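I have placed the structure first, in the form of structure tokens, so that the comments after it can refer back to it.
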Protein chains: 2
Amino acid sequence: MAHDRPLADRAAQPRRRARVTAADVAEAAGVSRSAVSRAFTPGAYLDADKRQLVLKTAMDLGYRPNALAASLQGAATDLVGVVVGELSNPYDSEWLAALVSALNASGKWPIVLGGQAEGLDESVTSILSYPLDALIVRGGSLGEALIDNCTKLNIPVIFSGRVISHPAIDCIACRNHIGMVQAVTLLLESGRRRIGYIGGPPTLSSEQERLAGVVERLAEAGLTLAAQVTSDYSFGGGQSAMRTLLQDTSPDAVVCANDAMALGALSFARNCRNLTVPEDLAIIGFDDIAMAAWAEFNLTTVRNPLAKTVDEVLRLLEGRLANPQKPGEVVMIDPDLVKRGTH
Amino acid sequence: MAHDRPLADRAAQPRRRARVTAADVAEAAGVSRSAVSRAFTPGAYLDADKRQLVLKTAMDLGYRPNALAASLQGAATDLVGVVVGELSNPYDSEWLAALVSALNASGKWPIVLGGQAEGLDESVTSILSYPLDALIVRGGSLGEALIDNCTKLNIPVIFSGRVISHPAIDCIACRNHIGMVQAVTLLLESGRRRIGYIGGPPTLSSEQERLAGVVERLAEAGLTLAAQVTSDYSFGGGQSAMRTLLQDTSPDAVVCANDAMALGALSFARNCRNLTVPEDLAIIGFDDIAMAAWAEFNLTTVRNPLAKTVDEVLRLLEGRLANPQKPGEVVMIDPDLVKRGTH
DNA sequence: CAGTTATGTGAACACGCGTGCATATTTCGA
DNA sequence: TCGAAATATGCACGCGTGTTCACATAACTG
């Protein structure tokens, strides 16, 4: 019977062709396996000539120490989970690109989950099977339920874009409230009074903070929102939100919860309603994605500093790895207003 | 001396707090470690009640089998390397997002390298320390030298966007030549005669094929390029390329090697030279990124089918994993012309 | 009841690696 | 020349799994 054949026979038909191993190199070079291991370990006792021979042989055979087997001894894996939601929001794409680049530069290898909403929780559960050094989560892309899972597995979690009230979790977020106050102040100063708002998914804490910033600054000036539409952080969503907004009201300014929607709104106002921006209508976004600076749009927006955010994520990561027991840190980043041509 | 303290002492101060292990669960549940392993192995002999008890205990302790340790027995790791160059080209970002999403959906976990040009080779070498199931490489982001490394390590390589002449490597690419022939044909049919070209990095094979398509179709009509500028596949690069182009010549059409440059060129022509597109000047791009369809641009372009490309990558991957020894497959995808408002 | 088969289970092994320990070899000082 | 210190190296262990193997118990069969 097939399942009864001896080991040697089974080894002749492995599921996956075996990887070159330290034992192979040892045999080929005529040294002990320990010597091979030592040749790849800086500072280990090994005759210089012999080390040279081993490295040469390893090179010929294409041998590399198996990082996974090595991690069994307690070494760090340098594997970091990165969870980002649907990438329909360009800011998320830019965040991911910058983060991946920075992680690579410091010798960490990101396992990326994203692009899909459904099944994301399940996916995260799956990658917890790997001994990750840490898990980096973008904004509201994931429930807090997974924190328990991670702490039980001793995998540190770092949130970017949301503040979690948990004693041992590092967070980094933008002061959304302040950013929106700045934006509305700018509009009020230039005489706008009928101000509308296009928001993102209301469940996101960042969305709530941004809306609150707008509403409170308006209240301070004795005003309320002229109109409010909820959308999905995408360009297309911004377009249709603007259509809805202009059906019922005629605002003289619209604040958008992110740049992608602002660009969509801007596009719709110009091309489908023949409005002149900013004369007929001012539009302000949030994030300052690369496209916002393009001449076509020249969007006035609130910058959500990307480079600084990623730098801080890496700083928190290094700190957490150096001292897993240290208390959680919350880093708040100040946005700044970028005045361009749509206000 | 510190390095002489016995094992038990050292274990009390581990570098990284240990992960919950099968032995821990076994002890807590009062069963053997084998039973724990069996509880997580579908189809293994184990009393239903006992399995239930083990799973319950594991849940409480937050235990998950360590996928890396499991892979030592020969199981697949489900880890896939994904190499993408600088993400300045939006098409690359879209490709990455779509690929990550598709991989996740089929239970593969991508380790992503990219966003940086320098040090990329070194990074790839580093992740070869992990027993990857496969390596997926985007276009010209990497030299062919790594193929040897991978084959020695028995890690299959799949190229997307470039054809490699190697007997055991899977490739998938777009028929760039055909796409450009279609684009130029469209321009010729509408009476354009002074046709310029904005290209990407000349070392990329895709770039060479696209240029060749343009030149050959022109030659067929008895024409040559009215002007030619080389740039970097980015929006800003397209802008400055257009400036250069318009300094020396006055073409009635410009073909761009990708959409990002086409949008930059379009933006520059309109906003900085007050040209009307397409009346004064036709512009055609390549890729059909999401932004090309935006009302502001409404770019006529050659679609490089993204969904189909990713589907094929996954099909090749599954096929390769099912049969590592099968001969390499080359999949060519036909582009199609998307006629919008800039021709 | 004896004999065969089905059903569970724990001990032991292998996977690839780094490293402590003990031993073998060389170098050095007196 | 001899002992001690320094240097080099092989053996063996453990990391956390899945799985084989031998064995124990329960369930049938006639």
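The values are calculated or read from the model by the stated rules, or taken from the named source; none is laboratory data. Keep in mind that what you see is a predicted model, and the values were worked out from it rather than measured. Neighbour counts run over all protein chains shown; Cβ positions are idealised from the backbone, glycine included.
Kindly evaluate residue A:282 against the criterion of being in contact (Cβ under 8 Å) with a residue 12 or more places away in the chain and more than 27 Å from the chain's Cα centre (by Cα). Let's see the steps before the verdict.
Working: in contact (Cβ under 8 Å) with a residue 12 or more places away in the chain: yes; more than 27 Å from the chain's Cα centre (by Cα): yes.
So residue A:282 passes the test.
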### Summary
Pairing a residue in region A:67-78 that is farther than 14 Å from residue B:126 by Cα and facing chain B (nearest Cβ under 7 Å) with any residue that is in a loop (DSSP other than H, G, I, E, B) and within 8 Å of DNA strand C (Cβ to nearest atom), where Cβ atoms lie under 8 Å and the two sit 6 or more apart in sequence or on different chains, gives A:69/B:72; A:72/B:72
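Would you please name the residue that is surrounded by the fewest Cβ atoms within 10 Å (Cβ to Cβ), looking only at residues in region B:184-207 that are out of contact with any Ser or Thr (no Cβ under 8 Å at 6 or more places or on another chain) and among the aliphatic types (A, V, I, L, M)?
Looking only at region B:184-207, we keep the residues that are out of contact with any Ser or Thr (no Cβ under 8 Å at 6 or more places or on another chain), and these are B:184-185, B:187-193, B:195, B:197, B:203-207.
Next cut, among the aliphatic types (A, V, I, L, M) only: B:184, B:187-188, B:195, B:204.
Working: B:184: 25, B:187: 26, B:188: 17, B:195: 25, B:204: 19.
The selected residue is B:188.
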### Message
All but one of (1) in contact with a Pro (Cβ under 9 Å, 6 or more places away or on another chain); (2) free of Cβ contacts under 8 Å to residues at least 40 places away in the same chain; (3) buried (at least 23 other Cβ atoms within 10 Å of the Cβ) hold for residue A:82; state the number of the condition that does not hold.
### Response
(2)
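Would you point out the residue of region B:129-150, among those that are aliphatic (A, V, I, L, M) and touching a residue at least 60 places away in the same chain (Cβ under 8 Å), that is nearest to the other protein chains (Cβ to nearest Cβ)? Write out each step before concluding.
Going through region B:129-150, the residues aliphatic (A, V, I, L, M) turn out to be B:132, B:134-137, B:142, B:145-147.
Next, only the ones that are touching a residue at least 60 places away in the same chain (Cβ under 8 Å) stay: B:134, B:136.
On the way: B:134: 11, B:136: 13 Å.
That would be B:134.
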### Residue satisfying condition, being touching a helix residue (DSSP H, G or I) at 6+ places or on another chain (Cβ under 8 Å) and farther than 22 Å from residue A:80 by Cβ, within set B:65, B:110, B:90
B:90
### Message
Out of the residues in region B:290-343 meeting the condition of being in contact with a Gly (Cβ under 7 Å, 6 or more places away or on another chain) and among the aliphatic types (A, V, I, L, M), tell me which one is farthest from residue B:173 (Cα to Cα).
### Response
B:299
### Query
Can you name the residue in region B:103-128 that is of a type in the set (Ser, Thr, Tyr) and surrounded by 17 or more Cβ atoms within 10 Å (Cβ to Cβ) and, of all such residues, is nearest to the other protein chains (Cβ to nearest Cβ)?
B:123
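Of the residues that sit in region A:40-90 and are of a type in the set (Asp, Glu) and under 20 Å from the mean Cα position of the chain (by Cα), which one is nearest to DNA strand D (Cβ to nearest atom)?
First, pick out the residues of region A:40-90 that are of a type in the set (Asp, Glu): A:47, A:49, A:60, A:78, A:86.
Next cut, under 20 Å from the mean Cα position of the chain (by Cα) only: A:78, A:86.
Working: A:78: 17, A:86: 32 Å.
Checked region A:40-90; the qualifying residue nearest to DNA strand D (Cβ to nearest atom) is A:78.
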### Query
Looking at residue B:38, is it within 16 Å of DNA strand C (Cβ to nearest atom), modelled with pLDDT under 95, among the basic types (Lys, Arg) and touching a Leu at 6+ places or on another chain (Cβ under 6 Å)?
yes
### Query
How do the pairs read when you match residues in region A:26-54 that are more than 25 Å from residue A:75 (Cα to Cα) and in a helix (DSSP H, G or I) with residues anywhere that are of a type outside the set (D, E, K, R) and near DNA strand D (Cβ under 9 Å from one of its atoms), using Cβ under 7 Å and keeping only pairs 6 or more apart or on different chains?
A:50/A:31; A:50/A:35
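Taking region A:292-309, which residues are buried (at least 22 other Cβ atoms within 10 Å of the Cβ) and within 14 Å of chain B (Cβ to nearest Cβ)?
Applying the first criterion (buried (at least 22 other Cβ atoms within 10 Å of the Cβ)) to region A:292-309 yields A:292, A:297, A:299-302, A:304.
Selection gives A:292, A:297, A:299.
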### Query
Where residues in region B:53-66 are more than 7 Å from every other protein chain (Cβ to nearest Cβ) and crowded, with 20+ Cβ neighbours inside 10 Å, which of them is farthest from residue A:152 (Cα to Cα)?
B:54
